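Working notes, structure below.
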Amino acid sequence: MSIEFIIILGIAYYIVTVALIIVTLNLLNKRDKTTIRKQMDELERDKNLIISASLIAELNKVEPLISNSNMKDTLALWQKRFTKIKESDVPRITDALLEAEELYAKKDYKTLKKKLSEIEMDIYYVRTKANFLLDEIKEITLSEERNRETITKLKASYREILRKYQDNKNDYSLVSSPLELQFENVDKLFSAFEVAMENKSYQEVSKIVKAIDDLIGNLKLVIDEAPTIIMLGKNIIPKKITDITNISKKMEKDGFNLDYLNIPYNVTESSKKITDIFQRLNVLNIEDSIFELKTMLDYFDSIYNEFDKEKISRKIYNDYLRTILIKITKLTKINDTLLKRLDDIKYSYDLNDEDVEVVFTIKEELASERGEYDDIIDDGRSKKSSYSHLGKLMELLNIKVLKTEEKLEVALRSLGSLKEDELRAREQLDEMKQILESAKSGIKSFKLPMIPENYFVELGEATEAIANMVQELEKTPISIKVLNTRVDTARDLVLKVYNTTKETVKTAKMAETAIVYGNRYRPINTEVDIGLSKAEKLFFQGKFKNALETAIHAINIIEPGIYKKLMDEYQN
């Protein structure tokens, strides 16, 4: 490839790249231009919608409604605000849009974007002013219809309130005067509403409607809640206060300490609160009254539960009063007896101080628990604490005593097991001697041509282990740990001798039986004869297992299956 061709190719690439960049920039520029044009059209439309037809129409409706100087002044102010929007604000926006058109024509898009943002904010501000003006005008133009509708609903609610009051007058005896005075006020306001509507005093009408709404809303709350307030404050709670006061006095006379309930103070405060609630009710203020009364009711109901709790706690206290003392006394006596024998036990079984430390710990715990018990009893006799508190202390003390009792039982089992281990070791010694004698008799019962050497080794080990065990039992003091080790060792070795003897005799018998059984085949088969001869040789050498296997293999030549038959019998 020549240098000229490479240069031409490079120039071509460059031209194509520049062309692509120019096309891309033109496309982007066209897109931005389209977007800006669309934004300008939308702003023009938004400007034209500021002075809406509804604003002009509502403003025209006001003039026929003017009936006083206040309304006349208000209309003049609205017209002034409307004129400013129409003749000052909107033309200002129009001029700004014209400036934007010039910038668009000059393609000064950077300045244009900033200008459009300012116009958008200005349109939003002026439109908001127009909307506020429209809302204020509607307050007057729509007031008659809206207020009539509202008053109709309020009259219906008022009639329902009045009917409920008249049907249940006895329930409102304590507040009849303020209620009837409030009814008169509502009637007067309804009349004032009609006068204001007739005079087209719409600003005054709104105030009257709000006042009627507030009064009827409060009256409804009073009519709904006053019977409950009166019933709770004048009947239910006072009766509970009287009942609780009587019960508490009787219980205190019977020895209960109820100071922690603070009943007199709470009764006094509740009475003050009830008085305050009825003073507020007299001026038809029932805010939080039911909540406060129900809180009092819940409190006094809880006092009954506290009374029951105190009675139950006294029973628990009296029950533990006897049982804990008996238990502590019993455990102390057992532990003291154990302490008296402790030196003998330590000497007899080679125990150190650490092994018997638990006994001294139990003694300290019992002394502490007895002191705690005496303190609770003194507290109970002085009547300084409630039974619920005393009962709880007794329950906690009982748990401590039970734990100490469990600890003592473990100690007794542990120390008592030392003697049991000694007695059990002596019993096992006799059993092991019998087993060893049985093994010796078993090996003698079958006249073996030769006793295996391992039998004598195991017999010697077992005999030595028994001798060590006897020696440990004859020591003073006895070390139970060492003794138990000696017992385990001797038992294992004796059983090993017994099993060896049993297995040896059994194998020898089976080998002898197999040889005798196979003798019938000697004359008819040389291989059988040779095999049985070998088996006999092994038998007299004391190799009974090898003799049995050799004899069975020899017989199996003539009588296939005899191997499995005799081996099964041997295994069984």
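Nothing in this text is a laboratory measurement; each read-out follows from the coordinates by a stated rule. Computed from a prediction, not measured in an experiment: that's the story for all the values here. Reconstructed Cβ throughout: ideal geometry from the backbone, glycine too, with neighbour counts over all protein chains shown.
Listing for the model above:
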| quantity | calculated |
| --- | --- |
| Partners for K502 among lysines (Cα-Cα distance below 28 Å; same-chain residues under 8 apart left out) | K433, K440, K444, K447, K534, K537, K543, K545, K564, K565 |
| Estimated dipole of region 79-191 in Debye, rounded to 20 [Cβ of Lys and Arg +1, of Asp and Glu -1, Cα centre] | 220 debye |
| Gain on full stretching of the segment that runs from Y124 to E357 - 0.36 nm per residue minus C-alpha separation | 74.6 nm |
| Gain upon complete extension [D187, E87; 0.36 nm per residue less C-alpha separation] | 31.2 nm |
| FRET E, pair I451, E364, Förster distance 45 Å, beta-carbon r, rounded to 0.05 | 0.10 |
| Under 5 Å, built H, 5+ apart or other chain: amide partners of N257 | Y387 |
| Translational diffusion coefficient (Stokes-Einstein; Kirkwood radius from C-alpha pairs) of region 214-299 at 25 °C, 0.890 mPa s, in µm²/s | 173 µm²/s |
| Descending Cα extents along the principal axes, region 151-287, whole Å | 78, 29, 20 |
| At R0 = 51 Å, FRET efficiency that the Cβ-Cβ distance of K33 and D288 yields, to 0.05 | 0.15 |
| Listed pairs K273/K311; K363/K384; K164/K273; K340/K384; K86/K210 exceeding 32 Å between Cα atoms | K340/K384; K86/K210 |
